[in-house]
Structure formats: C-alpha cells, structure tokens
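Notes follow the structure.
The values are calculated or read from the model by the stated rules, or taken from the named source; none is laboratory data. Nothing here was measured: the structure is a model prediction, and the numbers come from that model. Cβ coordinates were reconstructed from backbone atoms using ideal geometry, including for glycine residues, and neighbour counts include every protein chain displayed.
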Amino acid sequence: MAHNDDQILSNTFVLAPEETPNIETRYRRIHTPLPAPETISDLRRAAALFPEVNCYQPPIIWDSAEGFTIKDRAGNQWIDFTSTAVMTNTGHGHPAIREAVTKHVDSGGLMGQFSFASDIRIELAERLVGIAPDHCDKVYFWTVGSEAIECALRLAREAGIRQNAEKYHVLTHQADYHGWTLGAHQMSGTSASKPWLATPDSAIHHIPFPQGDSRESGNTDWSKFLQKSLSPLADLGITAEKVCAVFIETMQGWGAVPLPTGYVKALRKWADENDVLLVFDEVQTGFARTGKMFAHEHYGVRADLLCIGKGLTSTLPLAAVLGPADILDLLPPAEITTTHAAHPVSCAAALANLDVIENENLIAQSVRKGNIAAEALQKLQERFPDVVREVAGFGLLRGIHICDPQTGELSRELARDWTWAAVKHGVMLFQVNRPSIKVCPPLIIDDAAIVEGVEALGDALASILK
Ligand SMILES: Cc1ncc(COP(=O)(O)O)c(C=O)c1O
C-alpha cells in the first residue's frame, strides 16, 4: 500500500520529525527531534520492507538496550516501560545471562537439538518443575507463547475426549489474548471478527469477563455470575460435561486487569465438580512480573496446566507447558514436535535468568517496586482524573485505562497520542492498540526511575492536552 510521504505507519505515527523538549537526566536524554532525523531513511526502508501489520510501534530505531534503558544511535535514551512487550523481566542484557549464553556458545553448545536430550535441557526442566505447582512434574518445551497455548489446547482436548467423546469444548474470556496461531487466535478476543476463517472452531466459546463493581468480589455472588455466563451455552446443549478446559489469561494483558479472586475460586470449584481443566496463560504474567513467581498464585487456586514464555528467559525465544505427567504424556511419541524448541542457548539464558530472579529477590522487588509505581500512578490519576479512568495491575505489570476527557469514552486515539508524547519525553512505551498504556519496566529498574518515568508520563499528557 502506498504511503503518504510523511506518514510511515499508515494509521499510527508520522515520519516528519517533531520538536521535543530537551531532556537530560540521569536516566533520560532526548536531544534531537523525533523521529531522529538521521534514522528517517532507515525507517522508510523498514516501512518498505515490513508488512503494515508489523508497523505500529513508535518510530524509534532501537540501537542498544541495557538494564532498564534503551538508546538510539542519535544518542537519545529512554527509560524502558515496555520490557519489550513484557518480556525482559531481568532487564536488557543482564551480565549473568550474557555470560551464560556466551559460555554455552563457546563450549560447543550452538547446535540445533530437536528432540534429542541434552544436559542443559534436562537441568532447565528440573528447575522449572521445582518452581511449578507441586502436581506439575513434566515440561513440554516450545519456542513461543502461542505454541505453548496451542499445545495446551490440544492436550486439554485429548484429556477431555478420553472421558467422553463430546468433551472437547473450550472456554475463554472475552477480550483475552492468547497468541496468534490458529487455536490461540480463536481463543483471543482481539480482531473479534474473523472473516478469514473458512471453518471457525465452533467448540471455542468466549464467556463474559468478570468485571464486577469491585475486583475483590465485593457483594457479587461469583458462582451466580459464572452460572449466568454458562447458561447461554447450556441452552445450546453445551453443558459442563462437554467442556474440557477453561483458558484464563491470568491478568488481561491489554490493561493489566486481574480477575476477581472470588470469581476464579468459583471457576475452580465448578471445574473440579465437572472434570474441567483450568489452564492459566502465564506467558506474560510469569516469572515475578506481578510480584509472585506465577500470577495465578494471587488467586490462591490450583492451575492444572501453565503456559509460560517471555520472562522465562528475558531474552531468547523459549516457551513451555507445565503440567502433570498424566496430561503431558497423552500424545504418543512424535505426534507433534518442532525443530527449535528448547534450543540449548535459550535454555542457558533461562537458567541464568532464573538465577537472577532468585539471587536478586525479584519477586519481592516486584512487589516493592510495584507499590512505588502504584503510588506514582495514583498521583497521575489525581492530576488527570478526566483521562485516567483506572490504573490496574499487580507488581510491575500496570495498565492505565484512558478516557477522552471530551467524550468520557475509553479512547485508543488518546492512548496512541499519549504513547508518542511519552516517547518524546524520554519514556519508552509500546502501543497496545487498546485504550490503555502499559507500565511494565524491567524488574531491576531503579526506584527513582519509576517515579521519574511516571512523572514524565504526566508531563507528556499535559503537553498534548494543552
Ligand atoms: C497472555 C499471552 N499469551 C500468549 C502470548 C503469545 O506469545 P508469543 O507472542 O510469544 O507467541 C502473549 C504474547 O503477548 C501473551 O501476552
């Protein structure tokens, strides 16, 4: 598609450099217009080469990143509030991970491994089983989160149809995100209309997301809420004995929205009564991000299967399904395999990453720094009550839900404009394509950088509301 000359990203950000405030602090340095003039020819090359679907982030060419800061080659520097799509939990290029990866490569470990075993893969699997819930004694490795979800879908259906031939229906919540592959995408509420699907999976169903008047249950009877959500399905003949699993995005990523604990407990009870598996999608929320090793721990319920990825390595691609042998062993040898899963170099990164989480007490740090972020964000909400409708989340996974002050409606456009203004103020954000901004810095961020970054978000918003 042809681009307007000034418009590099067809519906998002423009290419023409815009004036920026000159910023020089310990953490931020913005000293060119943005996009930086010297990067524009490369941004044009990117727009010519990459499909539009991939061109929606702020037009900054990341040159290097270390810890919780990102630099471009013009010498601008940002506080990173993205963790690269909530992935770099231990920060960019942690020295321990660099060393482990380099050592492994130098020792002959740069090999594809496919389904052969290796010491490092075994060591990682043992380590994961050690931190997983007690009943999870096997690890099914994949490369990206979407594949882990796809695998869990397959396993859940295998488990279901062994109980009864019609137990293959799967439930998820409206507006969940579970990935892009065929099954995962159909379980996701994004791109709600999917006209490209010739034969949509008619056994995937989206039940209402439990938004009560209070997240902590309040007066809502969550068992009743659940029954009400399930009754339209029952009317179609899809009763509990036909449901094999509920997939739960442990906190809805778009706005860091947790489910009410009372609801998850009600779901657990119903699942136990009806032999339904609860599959927690912890791809985004795992590995200390929310102040627990896995976010479902906030709800105090058992997870039958866990899907993990992203923060497992904080860098190289690696994902997995964790679960009990009686489910993970349901597929016969060679039924589904993949070439790159659990690449030894990714395993080396994951082991070092787990060491960092443990040695640097990142679970406790995530709680403590999350409280600092929450306090700063509350001040932001008090400063802009007409724009900041809500700040949600736990630990260092926070979402600001954004309203247009004129209309009072949730606004993606303002979220996009605020994102760009924040980048011009030295805070790296990513576009979520929803009426929200996510504040999810690496867990090793300095306390002062959290506060400075949130204050800069306020300055950025003020600059566009003028
Ligand atoms: C909750 C959740 N599940 C699944 C995925 C898909 O993971 P991946 O992008 O690695 O395929 C994501 C990615 O953002 C996610 O946030």
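Assorted remarks:
- Filter result (modelled with pLDDT of 95 or more and assigned to a loop (DSSP other than H, G, I, E, B)) within segment 188-207: 203
Residues are listed down the side, and each one gets a yes or a no for (1) among the polar types (S, T, N, Q); (2) farther than 30 Å from residue 296 by Cα:
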| site | (1), (2) |
| --- | --- |
| 366 | yes, no |
| 369 | no, no |
| 401 | no, no |
| 405 | no, yes |
| 420 | no, yes |
| 431 | yes, no |
| 454 | no, no |
| 465 | no, yes |
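- Looking only at segment 56-97, and only at residues there that are within 19 Å of the chain's Cα centre (by Cα) and of a type in the set (S, T, N, Q), the one that is farthest from residue 433 (Cα to Cα): 90
- Residue list for segment 253-263, restricted to those being out of contact with any His (no Cβ under 8 Å at 6 or more places or on another chain) and in a helix (DSSP H, G or I): 262, 263
- Enumerated strands (runs of 3 or more DSSP E) restricted to segment 23-121, each holding at least 3 residues that are touching an Asp or Glu at 6+ places or on another chain (Cβ under 8 Å), under 20 Å from residue 342 (Cα atoms) and among the polar types (S, T, N, Q): none
- Test: residue in segment 355-374 that is within 16 Å of the ligand (Cβ to nearest atom) and either in contact (Cβ under 8 Å) with a residue 24 or more places away in the chain or under 30 Å from residue 275 (Cα atoms) (or both): no
- Residues that are more than 16 Å from the ligand (Cβ to nearest atom) and free of Cβ contacts under 8 Å to residues at least 60 places away in the same chain were ranked within segment 274-296; the one that is nearest to residue 187 (Cα to Cα) is 276.
- Residue-level analysis places residue 141 among those that are within 16 Å of the ligand (Cβ to nearest atom) and either in a loop (DSSP other than H, G, I, E, B) or under 30 Å from residue 271 (Cβ atoms) (or both).
- Long-range neighbours under 7 Å by Cβ, at least six apart or interchain, first residue surrounded by 15 or more Cβ atoms within 10 Å (Cβ to Cβ) within segment 331-348, second of a type in the set (D, E, K, R): 331/158; 342/121; 344/121; 347/121
- Residues of segment 75-100 satisfying the condition of being surrounded by fewer than 20 Cβ atoms within 10 Å (Cβ to Cβ) and away from the ligand (no atom under 16 Å from the Cβ): 75, 93, 95, 96, 98, 99
- Exclusive hit being of a type outside the set (Lys, Arg) and more than 23 Å from the chain's Cα centre (by Cα), set 117, 156, 148: 117
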